[in-house]
Amino acid sequence: MTSALVEFLRSSRAFTSSVVVGNPACDLDSVVCSLVQAFFLTFKGAPSVPILPIASEDLPLRTEVTFLLRRLSIPLSLLHFRDSPLSFPDHVTLHLVDHNLYTPGTLPGIHSHTVSSVVDHHVDEGGPGDKMIKMVGSCATLLTEIITSDPSFTIPPDVRTLLVSTILLDTIDLNSEQGRTTPLDLEMFERLALPRGSLYSDLIAAKTDISELTAFDLLRRDSKSFITSSGEIVVVASITGLDWEGFERLPDLSSHIERYLHEYSVGVLVVMLANHSGGQFTRHLVLGHGAHLVKVEELEGPLQLEKIITEWSGGAVYRQGNVKASRKVVLPLMREQLE
């Protein structure tokens, strides 16, 4: 029997007057929240289509996303992307998940829009819309709070698994020592009432399976950017499953970085490396091209940086002592000093 979520996705391309979109990194949290929010809005009488803000050819880079959707028998062919052949009306209503400020042009087919609602767990950037913003470990936690507070909505099994999986991955298996798990994350996980089993380890195995990905793939796989007051594009890329030594050993690293800088017109490149090995979680911060624009001294305190490579690709490499500081912490620090 086909699930209600799959049936919804099959018909959702007709609902282009109302669009749900996640952040440009398009990680598991953004993808799952886009699908579930659109499904829920449609159930509530506001038919909506979830659109992933990446090109369709980039989906295979999100290995944990493809793994989970395939496990739940959700056909990847039913997903919509920024380059999907969709027809939009003159004006579109947007619902944002996992970010709170829409960048015009993110979805090229939309020329006029109004942001109606926002569900997010990042620092409020001051955009419009009816906002639900709480600093929790996962945006999926907030969406769980919304849909479980509606007694008329019954959560299908695949939707329940999507939400639980995302909460576990974002909170590092609900590990409070890593600083990403809040009481609300724990409460919503319990409310979903689904045994975690091997979900987290399976997702981590899928996310860190980068054996088929090049350095160019890894840089564009999970990156967020902003534009400085002087017009420079700043990119903060996040790579899970590699420490500095592993990153440095990637084949043809320099040429892949040069290709990335050129194709995406990058003015400042920051790479955050996160790795879990031998029971130890480590982070490294790599300042590459354009590093001279970054005031490292303003990052050293909050991130507890220790320089380990003095000169690398125009910048330097640091061991990050504050392993709790993810990109959710680093990106606002970069914006504050460069925007």
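Could you tell me whether any residue of the range 126-142 is touching an Asp or Glu at 6+ places or on another chain (Cβ under 6 Å), farther than 19 Å from Ala38 by Cβ, open to solvent by less than 20 Å² (accessible area, probe 1.4 Å) and among the hydroxyl-bearing types (Ser, Thr, Tyr)?
For the range 126-142, residues touching an Asp or Glu at 6+ places or on another chain (Cβ under 6 Å), farther than 19 Å from Ala38 by Cβ, open to solvent by less than 20 Å² (accessible area, probe 1.4 Å) and among the hydroxyl-bearing types (Ser, Thr, Tyr): absent.
Within the range 186-198, does at least one residue satisfy the condition of being open to solvent by 40 Å² or more (accessible area, probe 1.4 Å), farther than 27 Å from Thr2 by Cβ and touching a residue at least 60 places away in the same chain (Cβ under 8 Å)?
Scanning the range 186-198 turns up no residue that is open to solvent by 40 Å² or more (accessible area, probe 1.4 Å), farther than 27 Å from Thr2 by Cβ and touching a residue at least 60 places away in the same chain (Cβ under 8 Å).
For the range 82-111, give me the residue count where each residue is of a type outside the set (Ser, Thr, Tyr), open to solvent by 20 Å² or more (accessible area, probe 1.4 Å) and within 28 Å of Glu145 (Cβ to Cβ).
Number satisfying all stated conditions: 2.
Here is a list: Arg249, Arg221. Which entry is of a type in the set (D, E, K, R) and crowded, with 19+ Cβ neighbours inside 10 Å?
Step by step, each of Arg249, Arg221 is checked, and only Arg221 is of a type in the set (D, E, K, R) and crowded, with 19+ Cβ neighbours inside 10 Å.
Looking for whichever is without any contact (Cβ under 8 Å) to a residue 24 or more places away in the chain, farther than 17 Å from Leu9 by Cβ and out of contact with any Phe, Trp or Tyr (no Cβ under 8 Å at 6 or more places or on another chain) here; the options are Pro104, Pro108. Which one fits?
Pro104 is the lone residue from the list that is without any contact (Cβ under 8 Å) to a residue 24 or more places away in the chain, farther than 17 Å from Leu9 by Cβ and out of contact with any Phe, Trp or Tyr (no Cβ under 8 Å at 6 or more places or on another chain).
Find the strands (runs of 3 or more DSSP E) located wholly in the range 250-324 whose residues include 3 or more that are farther than 25 Å from Lys207 by Cβ and basic (Lys, Arg), and list them.
Details: elements: 268-277, 280-287, 305-312, 315-320.
In the range 250-324, no matching strands (runs of 3 or more DSSP E) lie anywhere.
Give me the pairs: first residue in the range 1-23 and without any contact (Cβ under 8 Å) to a residue 40 or more places away in the chain, second residue open to solvent by less than 10 Å² (accessible area, probe 1.4 Å), beta-carbon distance under 9 Å, and six or more apart or on different chains, which are they?
Phe8/Leu35; Phe8/Ala38; Ala14/Val49; Phe15/Ala38; Phe15/Ser48; Phe15/Val49
Which of the residues belonging to the range 30-40 are more than 12 Å from Leu94 (Cα to Cα) and in contact with a Ser or Thr (Cβ under 8 Å, 6 or more places away or on another chain)?
Matches in the range 30-40: Val32, Cys33.
Could you check the range 173-214 and list, in sequence order, the residues that are under 20 Å from Val159 (Cα atoms) and assigned to a loop (DSSP other than H, G, I, E, B)?
Asp173, Leu174, Ala193, Leu194, Pro195, Arg196, Gly197, Ser198, listed by residue number.
Taking Asp173 and the conditions (1) within 19 Å of the chain's Cα centre (by Cα); (2) touching a residue at least 40 places away in the same chain (Cβ under 8 Å), which numbered condition does it fall short on, given that it satisfies the others?
With respect to (1) within 19 Å of the chain's Cα centre (by Cα); (2) touching a residue at least 40 places away in the same chain (Cβ under 8 Å), Asp173 is out only on (2).
Taking Ser230, is it polar (S, T, N, Q), at pLDDT below 90 and either within 16 Å of Phe216 (Cβ to Cβ) or in contact with a helix residue (DSSP H, G or I) (Cβ under 6 Å, 6 or more places away or on another chain) (or both)? Spell out the reasoning first.
On the way: polar (S, T, N, Q): yes; at pLDDT below 90: yes; either within 16 Å of Phe216 (Cβ to Cβ) or in contact with a helix residue (DSSP H, G or I) (Cβ under 6 Å, 6 or more places away or on another chain) (or both): no.
No; evaluated as a whole, the condition is false for this residue.
Given the criterion over 26 Å from Thr2 (Cα atoms), small (Gly, Ala, Ser), at pLDDT 95 or above and touching a Leu at 6+ places or on another chain (Cβ under 7 Å), identify the matching residue among Ser138, Ser165, Ser116.
Ser116
Which ones in the range 100-142 are within 19 Å of the chain's Cα centre (by Cα) and on the phi > 0 side of the Ramachandran plot?
Residue satisfying the conditions is Gly105 alone.
Name every residue in the range 184-201 that is farther than 10 Å from Leu168 by Cβ and of a type in the set (D, E, K, R), in order of residue number.
Passing the criteria: Glu187, Glu190, Arg191.
Any residue that is of a type in the set (A, V, I, L, M, F, W, C), in a helix (DSSP H, G or I) and either in contact with a Ser or Thr (Cβ under 6 Å, 6 or more places away or on another chain) or within 30 Å of Thr2 (Cβ to Cβ) (or both) - is there at least one of those in the range 235-242?
Looking for residues that are of a type in the set (A, V, I, L, M, F, W, C), in a helix (DSSP H, G or I) and either in contact with a Ser or Thr (Cβ under 6 Å, 6 or more places away or on another chain) or within 30 Å of Thr2 (Cβ to Cβ) (or both), one finds none in the range 235-242, hence no.
Which of the numbered conditions does Pro24 fail, given that it passes all the others? Conditions: (1) open to solvent by 50 Å² or more (accessible area, probe 1.4 Å); (2) closer than 20 Å to Thr166 by Cα; (3) at pLDDT 95 or above.
(3)
Which condition number in (1) assigned to a loop (DSSP other than H, G, I, E, B); (2) open to solvent by 50 Å² or more (accessible area, probe 1.4 Å) is the one that Thr114 fails?
Condition not satisfied by Thr114: (1).
The values are calculated or read from the model by the stated rules, or taken from the named source; none is laboratory data. Remember, it's a predicted structure, so these values are computed and weren't measured experimentally. Backbone-built Cβ (ideal geometry, glycine too); neighbour counts: all protein chains shown. The accessibility values were calculated without ligands, DNA or RNA, using every heavy atom of the protein model including side chains. Shrake-Rupley method; radii C 1.70, N 1.55, O 1.52, S 1.80 Å.
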